[in-house]
Amino acid sequence: MAAFFLLIIYHVGVFYEPGSDWHTSSPRAIEGIEMAMSLSSPWRLALLFLIAGFATRFMTTRLSPGLRGAGALARNRTGRLFVPLVFGMLVIVPPQTWFQVAQYTPHLVEPWPQFYALYLSGEHQWDITTPTWNHLWFVAYLWVYSLVLAGLLAVTGDGLPRLGRWLDRAMSGAALLIVPVLYLGLARQLYPVFDRTHALVDDWYLHSVYLPLFLFGFLIARSERIRLALIANRWAALGLALTAWLAWWTYLLTWTGLPGDIQLWTPVAENPPSWLRIAMRWTYAAIQWGAIAAILGFGARHLNFDRPALRYLTVAVFPLYILHQTITVVAGHYLPRLELPLGLEAALLVAITFGGAFAGYELVRRIPPLRPFFGLRFRPRPANRPPRAP
């Protein structure tokens, strides 16, 4: 939940990032915002896929084992993920594309009816493939990963539970900090070859990170040993993440002279030795897993409680995610015209994004025909039953 909210704030930050080519960008950038954003950029989405694996594991405890349960999982995830994805591509995302074209290629902007027809047909001159999913790529990937998991459950039978029991024993000590960093560092070596595309079919670097984390979350979700190990190692994990982050930024500032999410294998100003570039990819992996392990450890230690507000937010978070970026893009297009102080404008954009997303959720949850298009059950669960995470 908190990771989703952090992602919303991150997208507002991208709007103000210097040199941003996001869907819309502010005419007044906030210098140095990249350094603050980089505190979360290596790990925020990796954490979301890991948590999605946790949620899927708890959901499968209510399903029949074997092929029947795998089929039920595939049908459930298709209804809760694929249906909102298609709806989002047809209804939620198109305004983002309209404002993107209006900012970067205004001579190609058409009135909305003609624009929407072009968006659906894909026969246009914009440098954008349409229909597109923009921020909903996460939903597309999660749906595909869920189908992969269903396939593995169908093929392996009790093989995955056995693997989970082995991980429960093998990863309950120092290995919980070391092994994931080693793997993520190895996966990071693919980054120079396969850049991030968010296009699903050719995104091999991100698949090498997000799919294993999703499956890892599924396998360890019910492990009490690993939960205790995360609590015990939370301070060490935090120290690892912060130390690696400082080393990474020292590298960026020393060898490139520029802040930002720079491709580490193509420095701008200098040419660092290859061994250093490779080492920085392992350093990036240490930021990733150190932060994730610290968040899980501190969360397990201090946030292990239930409140009505938390139950409300647990159900709300997926519709909020679907809605938020369109609100940010639209509001970000118009807010600069008010010529407010930059800090006030940025705070107002955050408030409008959260307020608009919550208002949209409150509307959607009260209209049963709309609920499935936002990953909600057609009718809400009774108040005395726990929600099922999307």
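Testing V91 on (1) touching an Asp or Glu at 6+ places or on another chain (Cβ under 8 Å); (2) in a helix (DSSP H, G or I), one condition comes back false. Which one is that?
Single failed check for V91: (1).
Among A55, A74, A117, A102, which is modelled with pLDDT of 95 or more and either among the basic types (K, R) or out of contact with any Ser or Thr (no Cβ under 6 Å at 6 or more places or on another chain) (or both)?
From the options A55, A74, A117, A102, the qualifying one is A117.
From the set of residues in segment 112-153 that are among the small types (G, A, S) and open to solvent by 40 Å² or more (accessible area, probe 1.4 Å), which is nearest to H207 (Cα to Cα)?
For segment 112-153, the residue satisfying everything is S121.
Which members of segment 152-166 meet the condition of being in contact (Cβ under 8 Å) with a residue 60 or more places away in the chain, over 16 Å from A221 (Cβ atoms) and of a type in the set (A, V, I, L, M)?
Within segment 152-166, just A154 meets the criteria.
Among the residues in segment 303-317, are any more than 30 Å from W255 (Cα to Cα) and in contact with a Leu (Cβ under 8 Å, 6 or more places away or on another chain)?
yes
Where the second residue is of a type in the set (A, V, I, L, M, F, W, C) and open to solvent by 10 Å² or more (accessible area, probe 1.4 Å) and the first is farther than 14 Å from T283 by Cα and at pLDDT below 95 and lies in segment 179-194, which pairs have Cβ atoms under 6 Å and are six or more apart or on separate chains?
P192/W265; F194/W204
What about A236, is it over 24 Å from the mean Cα position of the chain (by Cα) and modelled with pLDDT of 95 or more?
yes
Only residues that are more than 21 Å from V209 (Cβ to Cβ), of a type in the set (A, V, I, L, M) and open to solvent by less than 50 Å² (accessible area, probe 1.4 Å): list them for segment 154-191, please.
A154 - this is the single residue of segment 154-191 that is more than 21 Å from V209 (Cβ to Cβ), of a type in the set (A, V, I, L, M) and open to solvent by less than 50 Å² (accessible area, probe 1.4 Å).
R28 fails exactly one of the following numbered conditions: (1) part of a helix (DSSP H, G or I); (2) touching a helix residue (DSSP H, G or I) at 6+ places or on another chain (Cβ under 8 Å); (3) among the basic types (K, R); (4) surrounded by fewer than 16 Cβ atoms within 10 Å (Cβ to Cβ). What is the number of that condition?
Against the list (1) part of a helix (DSSP H, G or I); (2) touching a helix residue (DSSP H, G or I) at 6+ places or on another chain (Cβ under 8 Å); (3) among the basic types (K, R); (4) surrounded by fewer than 16 Cβ atoms within 10 Å (Cβ to Cβ), R28 comes up short only on (1).
When you look at F15, is it open to solvent by 30 Å² or more (accessible area, probe 1.4 Å) and among the hydrophobic types (A, V, I, L, M, F, W, C), yes or no?
No, not satisfied.
The values are calculated or read from the model by the stated rules, or taken from the named source; none is laboratory data. Since the structure is predicted, the reported quantities are computational estimates derived from the model, not experimental observations. Cβ coordinates were reconstructed from backbone atoms using ideal geometry, including for glycine residues, and neighbour counts include every protein chain displayed. Only protein heavy atoms, including side chains, enter the accessible area calculation; ligands, DNA and RNA are left aside. Shrake-Rupley method; radii C 1.70, N 1.55, O 1.52, S 1.80 Å.
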